[in-house]
Structure formats: C-alpha cells, structure tokens
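Please see the structure below; I have some questions.
The numbers here are math on the coordinates, done by the rules we state, and not lab data. Since the model is a prediction, treat every value here as computed from it, not as a measurement. Every residue, glycine among them, receives a Cβ derived from its backbone with ideal geometry; neighbour counts consider all protein chains shown.
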Amino acid sequence: MGKRKKMKTRYRRLSYVTDIGGIKSAIGELRGVGYPKQPKLNRNYSPGQDDPEINEKWLIETIKDKIANHPENSMEFPFYGEKIFDEPIVGFIKGDDSFFTDLKRIIGPHHFTPEEIMTWQAEKNGVTPPKAEDLSVVSFVMPITKKTKEENSSKKEWVSERWAQTRLHGEIFSQLFVREIVAYLMERGILAIAPDVTPMFNKKRYPNVGWASPWSHRHMAYAAGLGTFGMHDFLITEKGCAHRLGSFIVNRKLEPNRERPEDIHAYCLHYQDKACLKCIPRCPVDAITRENAHDKEKCYQRVADSTKICNRDYHIFIYGCGLCATAVPCESCIPVNLGK
Ligand code: SF4
Ligand code: SF4
C-alpha cells in the first residue's frame with residue numbers, strides 16, 4: 001500500500017466515496033490486492049565495504065528507527081502530527097520452527113509456512129528457493145500511544161476517533177515501512193517478503209475459527225515470544241495488548257531473542273486462575289463470556305458495523321473497536337499480579 005494523503009486541516013467529505021485509501025486498504029486486508037508490485041531481487045549486487053551486516057541488531061534498530069522517525073507514523077486532522085505508535089518490540093522465529101506446521105492445523109491448511117511463501121518470491125525472481133532453515137521471520141509489536149488508549153478507554157459503545165485513525169493510518173504506515181525494508185534487502189540481493197501485501201494473501205472462512213488469514217501477525221508474535229493470548233484474543237505483551245502487529249520473512253538465519261511460553265495464555269489473569277474478566281463488561285455486544293471466551297463471529301459483526309460510525313463521525317473508511325483492549329489490566333503491560 002502506498003502513501004495515503006493525510007488531511008492536515010479538515011475532514012474529508014463524503015468519505016464513502018472520496019476515501020479511496022481506506023477502501024483500498026480494506027480490500028487489500030481481505031484479498032491482498034491493490035498493493036504496489038513486489039520489489040525485484042537484484043541478483044547482481046556485490047556487497048560494498050560500507051554495507052551493514054543484516055543481522056538481529058540491524059533489524060531491531062531499523063524497525064525502531066522507522067517508528068521513531070518516519071514521517072508517516074502520524075495521525076491526520078484533527079490530530080495531525082501526533083504519533084500513531086510508540087517504541088516497538090521486535091522478535092525472531094527460525095524458518096524451520098515446527099510451529100509453522102502446527103498453524104496449518106490451528107488456523108487452516110492455507111496458512112503459509114515461510115518456505116512456501118518465499119518459494120513464490122524466489123521463483124518470481126528466477127532464483128532457487130531457499131530452504132526453511134535459511135529463513136527467519138521478523139515479528140514486531142507497535143504499541144498504541146497513551147492518548148489513543150485513554151480516548152478508547154472512555155468509549156462504551158463504539159471505537160474512538162484516534163483508535164479508528166490508528167487502525168487505518170497505522171496499518172498503511174506499517175505496510176509502507178516494511179515494504180521499504182523489504183525493498184532495501186531485495187536491492188542488496190537478499191530475498192525478503194511481507195506475505196500480507198502479496199496477491200497470495202487471501203482470507204478464508206472456516207467453521208471453527210471464522211475469517212482466517214494465510215499469514216497471522218498475531219501467531220507470529222506469539223511464536224517469537226513477544227506475548228500470549230488473552231480472553232479477548234488480543235496478544236498480551238510486555239507493552240500490553242493495545243497495539244498493532246507486523247511481520248515479514250528474510251533469507252537470513254536469525255537467532256530468537258525471547259522465550260516462547262508453552263502456555264498460550266500465560267499472561268492472562270483469568271487463565272492463570274486470578275480474578276479479572278475485566279474485558280467482559282467492556283464489550284458492548286457480549287462477545288466475551290466466562291464460558292466461551294471470545295466469540296469471533298459476534299466480534300467480527302460488531303467491528304464490521306463500526307464502518308458506518310467511522311465514516312459518519314470520523315470521515316474515514318475503516319472499521320475497528322478495541323474497547324476490550326483498553327481500560328483493562330492487560331492494556332499496557334503484562335498484568336502486574338502475574339509477577340512477570
Ligand atoms: S482483562 Fe483480564 S481476563 Fe481479560 S484478557 Fe486481560 S487479563 Fe485476561
Ligand atoms: S473488539 Fe470485539 S470482543 Fe472486543 S469489545 Fe469490540 S466487539 Fe467486543
């Protein structure tokens with residue numbers, strides 16, 4: 001997704017019609033279409049003396065720098081210039097981690113392994129596909145700002161304006177800076193790919209899990225040891241569950257820098273037998289219950305319905321909610337009484 005013109009001084013008019021950026025983003029999220037072409041691999045690149053070594057340190061520093069200094073990490077009117085995200089956390093997964101085959105069972109058979117989607121990228125560029133063990137996934141958590149969390153905390157029915165902008169501009173910004181990193185690596189002869197912005201990305205609906213993507217940033221972040229799932233299905237990380245996530249694959253062997261908890265609910269108070277369930281009353285449609293945890297279909301419907309609110313009140317074409325991720329003990333940290 002390319003840059004979307006930010007409105008500095010006024011709302012856009014008739015946003016259903018004029019907000020092409022939002023409409024393109026929504027279709028892209030569902031069907032992987034409308035994105036710029038994949039960058040080409042420079043097969044003749046010869047490394048220069050000043051080239052940085054592409055390793056864990058370089059990737060962490062580059063992602064932190066993008067979020068700290070990129071001009072597109074910015075809201076639009078009436079919050080023009082406010083940052084969308086705070087400092088990220090970054091983790092790595094080995095390309096041959098058996099978790100990727102588990103995901104075909106947990107999510108659905110269409111979920112890519114890094115090797116599968118990188119084979120597509122390699123063949124498009126006329127090179128031999130790398131082996132799974134020569135690949136790694138880079139996963140990152142972009143925490144939502146305090147102002148946005150406070151604003152969404154004050155809402156009881158529908159998503160707040162800053163949260164809605166984060167959902168739209170934050171996603172476009174994230175895709176943009178990942179594309180910049182992928183293009184940089186491909187120019188230097190290193191295969192890289194962000195699976196969610198390829199035409200191979202096509203969400204499917206399964207009876208058990210509802211809409212499921214062929215590349216789940218949330219499961220990547222769990223696999224990288226960045227967090228575990230809460231009652232609300234958001235990932236609870238050391239910076240909380242109010243965030244956006246991203247991930248991409250590189251043809252480099254990278255060492256995981258965090259331990260992945262065996263228990264996928266290790267940081268949720270309720271699943272650790274501590275009193276909480278504070279996310280239940282935050283949901284305006286009772287999509288979270290003690291008995292059944294998170295009802296994805298009910299949640300999906302509510303989030304889809306929010307499009308008309310975002311359009312009418314905030315003049316952008318997007319959907320969102322996140323009420324259960326704000327004003328809860330896991331909003332901005334791993335709940336303290338878990339002692340993590
Ligand atoms: S609010 Fe409490 S029960 Fe709900 S996800 Fe967070 S820690 Fe778990
Ligand atoms: S995100 Fe879903 S589960 Fe959470 S409050 Fe909104 S509708 Fe309810």
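Given 0.36 nm per residue, what is the gain on full extension from ARG290 to LYS37 after removing their alpha carbon distance, in nm?
Gain on extension, ARG290 to LYS37, equals 86.6 nm.
Something else: Listed highest first by mean packing, meaning other Cβ atoms within 10 Å per residue, what order do 312-319, 160-167, 97-104 come in?
Packing order, densest peptide first, comes out as 160-167, 312-319, 97-104.
Please sort 78-84, 323-329 by packing, taking for each peptide the average over its residues of neighbouring beta carbons within 10 angstrom, highest first.
323-329, 78-84
Sort 254-265, 170-181 by the packing proxy (mean of other Cβ within 10 Å over each peptide's residues), most packed first.
170-181, 254-265
If a/c stays under 1.5 just call it rounded; otherwise compare a/b with b/c (prolate if a/b is bigger, oblate if not). Do that for the stretch 156-207, with a ≥ b ≥ c from the square roots of the Cα gyration tensor eigenvalues.
oblate
Need the C-alpha centroid separation for the stretch 204-256 versus the stretch 113-184, integer Å.
First find each Cα centre; the distance between them is then 10 Å.
Then there is this: Within straight cross-link reach of LYS131, meaning Cα distance under 19 Å, which aspartates and glutamates are found once same-chain residues fewer than 8 apart are removed?
Here the aspartates and glutamates satisfying the reach criterion relative to LYS131 are ASP96, ASP97, ASP102, GLU115, GLU116, GLU123, GLU255.
If you don't mind, another one. Return the distance in nm (one decimal) between the two label points of a simple spin-label model at TRP211 and THR9, each offset 7 Å from Cα along Cα→Cβ.
My value for the distance between the label points is 3.7 nm.
Could you check the simple spin-label distance between TYR16 and ASP102, using points 7 Å along Cα→Cβ, in nm with one decimal?
4.5 nm
For the chain, which cysteines have no disulfide-compatible partner, meaning no other cysteine Cβ under 4.7 Å?
CYS241, CYS268, CYS276, CYS283, CYS299, CYS310, CYS321, CYS330, CYS333
Right, something else. Give me the one-decimal Kirkwood hydrodynamic radius in Å for the stretch 99-220, with the sum taken over alpha-carbon pairs.
Across the stretch 99-220, the inverse of the average 1/r is 16.6 Å.
Report, in deg cm²/dmol and to the nearest 500, the calculated mean residue ellipticity at 222 nm for the chain, where each DSSP H run with n ≥ 4 adds -39500 (n - 2.57) and the sum is divided by the residue count.
Mean residue ellipticity at 222 nm (helix-derived): -8500 deg cm²/dmol.
Which lysines does LYS64 reach when only Cα atoms under 22 Å apart count, and residues fewer than 8 places away in its own chain are ignored?
By straight Cα distance, LYS64 reaches LYS3, LYS83, LYS94, LYS146, LYS147, LYS149, LYS239, LYS253.
If you add up the charges near LEU41, with Lys and Arg at +1 and Asp and Glu at -1, over every other residue whose beta carbon is less than 10 angstrom from its beta carbon, what do you get?
+3
A follow-up question, please. Under a point spin-label approximation (7 Å from Cα along Cα-to-Cβ), what is the ASP273-LYS83 distance to one decimal in nm?
Each label point is offset 7 Å from its Cα along the Cβ direction, giving 4.1 nm.
Excluding residues fewer than 8 places away in the same chain, name every one of the aspartates and glutamates whose C-alpha is closer than 16 Å to that of LYS24.
Filter leaves GLU171, ASP196.
Quick check: Cα centre of the stretch 294-340 to Cα centre of the stretch 272-290, how many Å?
That distance is 13 Å.
Out of all Cα-Cα pairs in the chain, roughly what percent, to the nearest whole number, are more than 32 Å apart?
28 percent
For the stretch 74-85, in order, what is each residue's ³J(HN,Hα) by Karplus, 6.51 cos²θ - 1.76 cosθ + 1.60 with θ = phi - 60°, in whole Hz (x at glycine and Pro)?
8, 6, 10, 3, x, 10, 3, x, 5, 6, 8, 10
Magnitude of the Cβ-charge dipole of the stretch 15-338, K/R +1 and D/E -1, about the Cα centre, nearest 20 debye?
720 debye
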